[in-house]
Amino acid sequence: MIVDKKSPQKVDLDITWVLDGWRTSENGQIDPSFHQMHDMSYGGRMGNVTTLNGKNSETFNVCAGERIRLRLINVANACNFALDFEGHFPQVIALDGQPIKPFAPKSGEIKLWLGQRADLIIDMVGSPGADFDFADTYYSSSTYKFLTLVYED
């Protein structure tokens, strides 16, 4: 459910992305094992598959000059995210559903902790034909590319 202000900031697209982490077995099923010490002590489990809106996406088409409001939701039970929008400069405008004074993270990465939500404004600054990765870089040993932003003509 999304509750907006009376006069929300004008954007070309308003998108919600739900990020999650899953631990799957070799056959692609949810791994039934909860015998790792981390799982038992924290009540959550690190995944080996990360999804965006419940699936592995490859591309997301955008147009140069568009302004997008991106509503991010971390529903993973044991994964934090450090989201990198290659070549773009997102502004955080709300955290956990509460409007805030907009800011651009100094690192350029959007940190999203367990259960956290963040609303961003991203101006599409690329040129037609260009593409940029949207990736999670929180765990340096396992950077994960969610998808590629692809600029349409």
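Every number in this text was worked out from the coordinates using simple rules, so none of it is lab data. These figures come from a predicted structure and were not determined experimentally. Positions of Cβ are generated from backbone atoms using ideal geometry, with glycine treated the same way; all protein chains shown enter the neighbour counts.
If we count every other residue with Cβ under 9 angstrom of Ile15's Cβ, Lys/Arg +1 and Asp/Glu -1, where does the sum land? Walk me through the numbers on the way to the answer.
Working: positive: Arg69, Arg71; negative: Asp14.
Net local charge, Ile15 excluded: +1.
Once you list every other residue whose beta carbon is under 12 Å from the beta carbon of Asn53, what net charge do they have if Lys and Arg are +1 and Asp and Glu are -1?
Once all neighbours under 12 Å are counted, the net charge is +1.
Give me the distance between the Cα centres of segment 131-153 and segment 50-93, rounded to whole Å.
Distance between centres, Cα-based: 9 Å.
Sort 59-66, 70-77 by packing, meaning the average of other beta carbons within 10 Å per residue, with the highest value first. If you can, show how the numbers build up before the last one.
On the way: 59-66: 14.0, 70-77: 19.0.
In decreasing order of mean packing, 59-66, 70-77 become 70-77, 59-66.
Quick one: if you stick a label point 7 Å off each Cα along the C-beta vector at Ser107 and Asn53, how many nm between them?
Those two pseudo-labels are separated by 2.7 nm.
Using θ = phi - 60° and the Karplus curve 6.51 cos²θ - 1.76 cosθ + 1.60, what whole-Hz ³J(HN,Hα) does each residue of segment 118-127 get, with Gly and Pro shown as x?
Running phi through 6.51 cos²θ - 1.76 cosθ + 1.60 with θ = phi - 60° gives 9, 9, 10, 10, 10, 8, 7, 9, x, 9 Hz.
Step through the residues of segment 66-80 one at a time and calculate ³J(HN,Hα) from phi using the Karplus curve (6.51 cos²θ - 1.76 cosθ + 1.60, θ = phi - 60°), rounding each to whole Hz and writing x for Gly and Pro.
Result, ordered by residue: 5, 10, 10, 9, 10, 9, 9, 10, 9, 9, 5, 8, 8, 10, 9 Hz.
Subtracting the Cα-Cα distance from 0.36 nm times the residue separation, let me have the gained length for Thr137 to Lys6 in nm, one decimal. Don't jump to the answer; show the numbers that get you there.
Working: separation 131, 0.36 × 131 = 47.16 nm, distance 3.56 nm.
Computed gain between Thr137 and Lys6 is 43.6 nm.
Using a ≥ b ≥ c from the Cα gyration tensor of segment 40-147 (square roots of the eigenvalues), is it rounded, prolate or oblate, where a/c under 1.5 gives rounded and otherwise the larger of a/b and b/c decides, a/b for prolate? Could you put the intermediate results ahead of the total?
Values: a/c = 2.02, a/b = 1.37, b/c = 1.48.
Taking the square roots of the gyration eigenvalues as a ≥ b ≥ c, segment 40-147 is oblate.
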